[in-house]
Amino acid sequence: MNQTSRFAPYLYVAPLVALLLFVFGYPLVRIFEFSFKMVRGIDGPWIGLRNYELVLNQPLFWESVRHNLLLLLAVPFMVAWSLLIAVVLYERLKGWKLYRVVLFLPYILAIPIIAVIMKKLFQFNGPVNEVLRWIGLDFLALDWIGSSDVALWTVMLLIIWRESALGIILFLARMLSLDESLMEAAKLEGANWWQRVWHVIVPQMRVVMEFYIVTSVITILSAVFAYVYMIGGGRGGPGTSTMVVELYIFNALIRTSLPGIAAAVSVMLFLVSLLLIVPLFAARRRANEEETA
Amino acid sequence: MTGKWSFSRRDVLRTSAAAGAGVALGGMLPAWRARAAAELNMWWWGEQELPGLQAFVDDSVKKYTAATVKPMLQDTAVVISQFQTAAASGEAPDIQFLWNGIYHMESVWLGYLQPLNGLVSDAVIQASNPTLLSNFGGNTYRVGWYPLPMIWVYNKDAFDKAGLDGDKAPQTWDEFLAACEKLKSAGIAPVGGGIQDGYWGEWYFGHALAQNVDSAGETIGLFTGERDFREPKYHEHWVKLEELRKAGFFNSEMLSTELYPGIDLIVAGKVGMGLSVGSRVPADSKASNGRVGTMVMPVYGKGKLAGQPIFDSQGLGIAAKAKDPKGAAAFLEYLQSPDRLKAVHESTGWIPANKNFDVSVLTDATVKDMWQRWGLSPNIPYLSNLVPGQFYEQALLPTAQQVVEGKITGEQAGELAYNVAKEWRDFNPDIVENYKKWAVDLGG
Amino acid sequence: MGAMARKKQPAMHVTPDRVLKHGILVIATLVALAPSVFMILTALKSQEEYTFNKVGLPQSLVLDHFRGVLFESDFIAWMGNSLILAAGAVALSTVVSCLGAYAIARLQFRGRSLLFSISTSLMAIPPVVMIVPLFVLYAQLSLISTYEGAILIYAGLITPFSVYLLTSFFRTLPRELFEAARIDGAGDLLILLKIVIPLSLPALLTLVVVNALYVWNDLLIAIIFLQDDAKRTLMAGISVFQGRYNDQIPLTMAGMVFASAPMIILYLAFQKHYIQGLMAGSLK
């Protein structure tokens, strides 16, 4: 067995190909098929574009889409907060390593766990409101999870709180890899702290920020199920105020027995994620190049 | 002890309809072992919401001599799908546990269950009250097993504090509003519970829609399109919710509290009145030293079903392809014999679904009184068990939440319900037909 | 603040600037820690105490809730299930990915770069897109609520990232190593087992951390494909648990303490791998 035979490589990749075909290939073909059928159980008659027509004319679907888009507003806050904290950490003040350990903690806790805790914290007569009332900010004591005007913002707060931890670590890691001599030079030229941050550090952060933004957008468009499932009582409540596309698919499949409808929405989400792959790969490639450079 | 039936059941149905029908068509199932004669298989559920039922089943099987009965306790998640799967491949158990209404009607429509009339004696079926919702095409498909009276409860201590008569619950809507006013002045939240998880809206719908309809079949018309939620009497229940909210009668934490913790608030006297379910009463009565009273929803409506106690039940049925339907029927009759009825109570502390049950064994006055009024008096079925899944998810639960919150008016809720019902018809043209047929049995 | 102040700032002086920066860090830390602190303090309060003391320190330490969680709930069983799934999926994915990544990085065959591109692109496909056909298929095959079924899905979902990471890593290994081994007569499998894998242990460890966390923390797949009470994972269990004991907040918090403890302990013990792993994981 000195020489690798011509077929050997295929043996090595065969399990990989089989696994990917099963978990990705098969479903991706079938969502297209199902999306054109009125599926009952495992199959059903072809009905052309009827599923798409039904979905696109349904207010609930558009409401779900709107909620995903609204949640994107979290991204600027995540970037700003992460950047601020990372920059301050980069000063390497006394105890900065300890701060770093603690500040990453939100990302360690699983989403369902943290959502349960937040749900209790933000109850109408819960601790957060109690403190707010106590310090005289009664007008801020909202019904955080019980009001359909506020619940989505509470979800967003939770997303910012948790996902920023990743931003902090990513940004800090990038800063620590920067060439310090530039900072020293700027200092010698009399640039103050803000000037140095703004003109020396931030420009060099562009690539990693871009990467973080693209990943966060993908997360918010397609991976917030656990947040809304826990906060919205499993149904995107109160009312339909925290309904998002993922939950719409879940409900159509599991709760209302409409696999065809669920498939049509899956197809649309899949197409959107394809659009996002391009910027993601570009950002990742640049981030990697920068790291190895 | 009450458990989670209202929600798990609905979730389960929706899951299993896809899974069950799916496997059904696939027809690929492990074969269950062949049965000898005089051997009955029974798949059941209920220990989950009524602890002690297992002991009852074991005991009943042991004492039954006409056949060997093999019971199997099913998991909540697979009660429906496992049965439908097995039925599709001709391997269903002889006896199957069945939730009420649409939860077992689907199996009927798929041809997996057989009519019990003519198989089980009429007297037994009647006494067990499987409710009207077990009827389709003139046939009955379940024998009742244990009941679930759908009730309102009130706290007698809270009533006393507010200067109300703790032994007299309000019966009319005006009396109810007056009581709310007094409770409010006494610093007690008059009415409510918890609606964060949405199920409160399901219970409320079951109680309140009944006030303006003459039959269960009339309700079906709201989904099939023969009637219209936008007509005032079909959304008046949501308008009433709106009024209660405007009057400030709901407890302040209602929106961020879930269903069962909400009932605890009533038991604790923090909320005056609200919705509950009968199987909670023995425990709640004990916890409050008998200071929780049961009541029918106060009446505002003019329908024939208004002001009547609502009675729902869990039941058992016989599979279409049961090897020995007669033997299965005999066992169901045996479970309804006086000795077995007593055994249900002894094992679970709850009541069996049978009008002939000897109530002298009940010690708690509140429980006894409830059974008298809900179980033994004329009663009506629980209308929320008629609701299609899509309507349940997109209208039944969200509308009540949004009205209680003040986000939409009762009228807008009616509009939304109309739209969702219409969407359901568009999405499920095939199921609409079965609903129309069903309406005939339900007096539409 | 400003240039003047900065200029004469020696290492340790207290300046407004320093105070501000420390202030920011302290606030950020409080925000990051508050939920965990609330969780722990509340878990130690009695049910009554919580009704009037929601934010303060517990007056006396109550350990009953932990006992309740440990002995009267299914947390241990849920954790066991999560562990089985994480171990099964990670093991399967690692083996498959090692073989595949080795071939992609080191062997010549047609479709090599296509396979790598497709596999890598799959990282950006939301898992929810795949559930409809898999659910229907699993219903047909009676694979719903089986460990095998769920492990297969999880393994599939984490594999694109594994292949991506391992391929990149294998490519960085010096070519001479392979050539030397080949001259000694070693076959590919032997090279993979004896040379590549031992050299890749740090990358593999990172991979195991990221993937195990993914499976451990997932909720979506868990609630759809493991509906049986006996197969429920920790995360799905938590959603049931919090509904059931909704009104018993201290008990709920004790459950959360218990559920988060393994992750927090592992994190504190292996901070470096965690941070590296999760950062790499974010590249998913």
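The relative contact order of the stretch C:73-244, computed from alpha carbon pairs under 8 Å that lie at least 6 residues apart in sequence, is 42 percent. Within straight-line reach of C:Lys45, meaning a Cα separation under 28 Å, sit the following lysines at least 8 residues removed in sequence or on another chain: A:Lys119, A:Lys120, B:Lys4, B:Lys270, B:Lys286, C:Lys54.
With loop membership from DSSP and a limit of 12 other Cβ atoms within 10 Å, the longest segment of chain A without trypsin sites (Lys or Arg not before Pro) is A:95-293. Across A:Ala223, A:Ala86, A:Ala14, mean-square fluctuation computed from a Gaussian network of chain A (C-alpha pairs under 10 Å connected) peaks at A:Ala14.
Membrane-span-like helices in chain A, defined purely by DSSP H runs whose alpha carbon atoms cover 27 Å or more axially and whose average Kyte-Doolittle hydropathy reaches 0.5, are A:151-176, A:259-292. Structure remark: mean-square fluctuation, Gaussian network model of chain C, C-alpha springs under 10 Å; the largest value among C:Ile195, C:Ile27, C:Ile153 belongs to C:Ile27. Since only B:Gly274, C:Gly68, C:Val210 are under comparison, the one whose Cα sits farthest along the positive direction of the charge dipole of the protein assembly as shown, derived from C-beta charges on Lys, Arg, Asp and Glu, is C:Val210.
If each residue's Cβ is checked for other Cβ atoms within 10 Å, how do B:Leu177, A:Leu176 rank with the fewest at the top? Let's see the in-between values first.
Values: B:Leu177 20, A:Leu176 12.
The fewest-first ordering by Cβ neighbours comes to A:Leu176, B:Leu177.
The A:Trp134 and B:Asp214 beta-carbon pair, evaluated with R₀ = 45 Å, returns a calculated FRET efficiency of approximately 0.25.
Helices assigned as whole DSSP H runs in chain C whose Cα atoms extend at least 24 Å along their own long axis and whose mean Kyte-Doolittle hydropathy is 0.0 or higher are found at C:16-43, C:75-106, C:147-172, C:249-269.
When the Cα positions of B:Pro429, A:Asn129, A:Phe32 are compared along the charge dipole of the protein assembly as shown, A:Phe32 comes out farthest toward the positive end, with charges on each C-beta of Lys, Arg, Asp and Glu. Look at C:Ile24, C:Ile191, B:Ile195 and count the other Cβ atoms within 10 Å of each Cβ; fewest to most, that gives C:Ile24, C:Ile191, B:Ile195. For trypsin sites (Lys or Arg not before Pro), the sites in the stretch B:235-284 that DSSP calls loop and that have at most 16 other Cβ atoms within 10 Å are B:Lys270.
With an 8 Å Cα cut-off and a minimum separation of 6 or more residues, compute the relative contact order for the stretch A:72-243 in percent.
Normalised by residue count, the contact order of the stretch A:72-243 is 33 percent.
For the pair A:Tyr10 and B:Val361, how long in nm is the line joining their label points, each one 7 Å along Cα→Cβ? Inter-label distance under the simple model: 7.2 nm. Modelled this way, with points 7 Å down the Cα-to-C-beta line, the labels at B:Asn289 and B:Glu243 are 3.6 nm from one another. Which percentage, to the nearest 5, of the DSSP beta bridges contained in chain B is antiparallel? Roughly 60 percent of the beta bridges in chain B run antiparallel, per DSSP. Between C:Met279 and C:Ser46, the contour length at 0.36 nm per residue exceeds the Cα-Cα span by 79.9 nm.
Residues of the stretch C:104-130 falling in the label zone of A:Val217, defined by backbone nitrogen less than 17 Å from a point 7 Å along Cα to beta-carbon, are C:124-126. Counting only lysines at least 8 places from B:Lys63 when in the same chain, those with an alpha carbon closer than 25 Å to its own are B:Lys323, B:Lys326, B:Lys342, B:Lys355.
For chain B, what does the alpha-carbon gyration tensor say about shape, rounded, prolate or oblate, given a ≥ b ≥ c as the root eigenvalues, a/c under 1.5 as rounded, and a/b over b/c as prolate? Don't skip to the answer; put the middle values down first.
Numbers: a/c = 2.06, a/b = 1.38, b/c = 1.50.
Oblate, since a/c reaches 1.5 and b/c is not below a/b.
By the beta-carbon count within 10 Å of each Cβ, the least crowded to most crowded order of C:Trp216, A:Trp198, fewest first, is A:Trp198, C:Trp216. Across the options A:Ile220, A:Gln195, A:Leu98, the greatest Cα extent toward the positive end of the charge dipole of the stretch A:72-243 (unit charges at beta carbon of Lys, Arg, Asp, Glu) belongs to A:Leu98.
Residues whose amide H comes within less than 5 Å of that of B:Leu148, counting only those at least five positions distant or on another chain, are B:Asp312, B:Ser313, B:Gln314 (H built at 1.01 Å from N in the peptide plane).
Please get the size of the charge dipole for the stretch C:73-244, origin at its Cα centre, with Cβ charges of +1 on Lys and Arg and -1 on Asp and Glu, quoted in debye to the nearest 20.
Details: 10 positive and 9 negative charges, 75 e Å.
Computed charge dipole of the stretch C:73-244: roughly 360 debye.
Spin-label model, A:Leu188 to C:Leu20: label points 7 Å out along the Cα-to-beta-carbon direction sit 2.7 nm apart.
In order along the stretch B:304-316, phi translates into HN-Hα couplings of 5, 8, 5, x, 9, x, 9, 10, 10, 8, 8, x, 10 Hz, rounded to whole numbers, per the Karplus curve 6.51 cos²θ - 1.76 cosθ + 1.60 with θ = phi - 60° and x for Gly and Pro. Karplus-based coupling profile of the stretch C:220-232, in residue order and whole Hz: 4, 5, 4, 7, 7, 9, 10, 8, 5, 3, 6, 9, 4, with θ = phi - 60° in 6.51 cos²θ - 1.76 cosθ + 1.60 and x standing for Gly or Pro.
How high is the relative contact order of the stretch B:288-394? Use alpha-carbon pairs under 8 Å, at least six apart in sequence, and give a whole percent.
On the way: 65 pairs, mean separation 38.3, N = 107.
It rounds to 36 percent for the stretch B:288-394.
Distance from the Cα centroid of the stretch A:48-118 to that of the stretch B:201-273 is 36 Å (rounded to whole angstrom).
Using a Gaussian network model of chain B in which every pair of alpha carbons under 10 angstrom is joined by a spring, one finds that among B:Asp228, B:Asp430, B:Asp94 the greatest mean-square fluctuation is at B:Asp430.
FRET efficiency for C:Ala34 and B:Gln171, Cβ-Cβ distance as r, R0 = 60 Å, nearest 0.05?
Details: r = 49 Å, r/R0 = 0.82.
After rounding to 0.05, the efficiency reads 0.75.
On the basis of the beta-carbon distance and an R0 of 22 Å, A:Leu56 and B:Val432 show a calculated FRET efficiency of 0.55.
Read-outs throughout are calculated quantities, based only on the coordinates presented, and are distinct from any laboratory measurement. What you see is a predicted model, and the numbers here were worked out from it, not measured in a lab. Heads up, the Cβs are rebuilt from the backbone with ideal geometry, glycines too, and the neighbour counts pull from every protein chain shown.
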